[in-house]
Amino acid sequence: MKLLYISFFSFLLSLSVNAQTGIVIQGIARTSAHTAIQNETMTFTFAIKNTLNHTKFTETQVIQTDDYGVFSHVIGTGTGGDLNNVDFSEDEMSLRISVEYNGNTIVISEEPFQYVPYAKSAEKAVAAVTAETSIYADNGCPVGTIMPFLGTWRDVPDGWLLCNGQSIPQSSDLIGVLQDTNVPDLRGLFLRGIGTNGEYTTTGGSAPVGPSLNQVQKDQIQSHNHYLDISTSTDGAHVHEIDADNASDVLDSEDGDRVLNNKGNESEDYDENTLSAGDHTHTFSGNTHNTGDNETRPIAYGVNYIIKY
């Protein structure tokens, strides 16, 4: 006797803004020997139940496997209930799948929905519809979202403006967000988080401080110095020689000074030096060599910035 085994590839969810279109399911039908059940028609029943095991939705669908035993189906398109009436905001909803095979009803899966199918929740659908008339625009990006964009001004998608200082359409909610009638001009600028960072510190030990919201923070270089080791010597001490060719006598005075005596014009050579003097230092000031560009910047890659309006 053949037994039926179903291996599911995945559960996927397809949504549109205004309606839920269904849950896509795909799998492979195999026998107990793991041989694919090829080109065979089977009747599947899909039931959605809540935590009290109450059936919230059921449908049947005749499905034929292909040459590899693969089958697929979009739950919500079969014969039975309306999937749009299911309140997916309920907790712990589950999907029960059974199949009629060789006269037997076989339950092949009964598992709770995971994250993706729960995206069908009515609450989410309402939020998507509301987005059409709120600052959470049709693609889910809030008005005022700034994104890097690797395209030219000609390529900017609908609903976005190039951040080049241009005027904002008068009917846009972006005017209220920016409190301005022009988009920010971000050409040549980096984006930075506002406020004071409480986790990290700069090289100098202080907390990084960003600009205020919607304000430009001027360029700045962190306070620093450059080491410079220069000194002068005290060289400069010297004496002068006194040459007394015609001195007849050298007399010592009471204070220790010596006097040359030339009385009688006697000839006697005598050499003497002045006191040593002239030690001195020099003070100086100046700047290191000027080098670099006209700004301090990290390595960068060029993009355009666009803003949602």
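The values are calculated or read from the model by the stated rules, or taken from the named source; none is laboratory data. The shown structure was predicted, so the numbers you read here are calculated from the model rather than taken from an experiment. Using ideal geometry, Cβ is built from the backbone for each residue, glycine included, and neighbour counts are taken over all protein chains shown.
Annotations
- Any pair with Cβ under 6 angstrom, 6 or more apart, that starts in the range 281-309 at a residue that is under 17 Å from residue 150 (Cβ atoms) and ends at one that is at pLDDT 80 or above and charged (D, E, K, R): none
- Subset of the range 178-213 [over 19 Å from residue 302 (Cα atoms), in a loop (DSSP other than H, G, I, E, B) and hydrophobic (A, V, I, L, M, F, W, C)]: 183, 194, 207, 213
- Hey, residue 51 surrounded by fewer than 18 Cβ atoms within 10 Å (Cβ to Cβ), at pLDDT 85 or above and either part of a strand (DSSP E or B) or on the phi > 0 side of the Ramachandran plot (or both) or not: no
- For the range 136-186, taking the residues that are more than 17 Å from residue 214 (Cβ to Cβ), in contact with a helix residue (DSSP H, G or I) (Cβ under 8 Å, 6 or more places away or on another chain) and free of Cβ contacts under 8 Å to residues at least 40 places away in the same chain, the one that is surrounded by the most Cβ atoms within 10 Å (Cβ to Cβ) is identified as 136.
- Filter pass, residue 59 being free of Cβ contacts under 8 Å to residues at least 60 places away in the same chain, in a loop (DSSP other than H, G, I, E, B) and surrounded by 12 or more Cβ atoms within 10 Å (Cβ to Cβ): no
- Within the range 194-215, tally of residues that are exposed (fewer than 12 other Cβ atoms within 10 Å of the Cβ) and under 17 Å from residue 307 (Cβ atoms): 2
- When the range 2-43 is filtered for residues that are modelled with pLDDT of 80 or more and assigned to a loop (DSSP other than H, G, I, E, B), the ones remaining, listed by number, are 35, 37, 38, 39, 40.
- Within the range 219-254, tally of residues that are within 27 Å of residue 278 (Cα to Cα), part of a loop (DSSP other than H, G, I, E, B) and at pLDDT 65 or above: 11
- Scope the range 29-39; condition farther than 20 Å from residue 59 by Cα and surrounded by 14 or more Cβ atoms within 10 Å (Cβ to Cβ); matching residues: 30, 31, 36, 37
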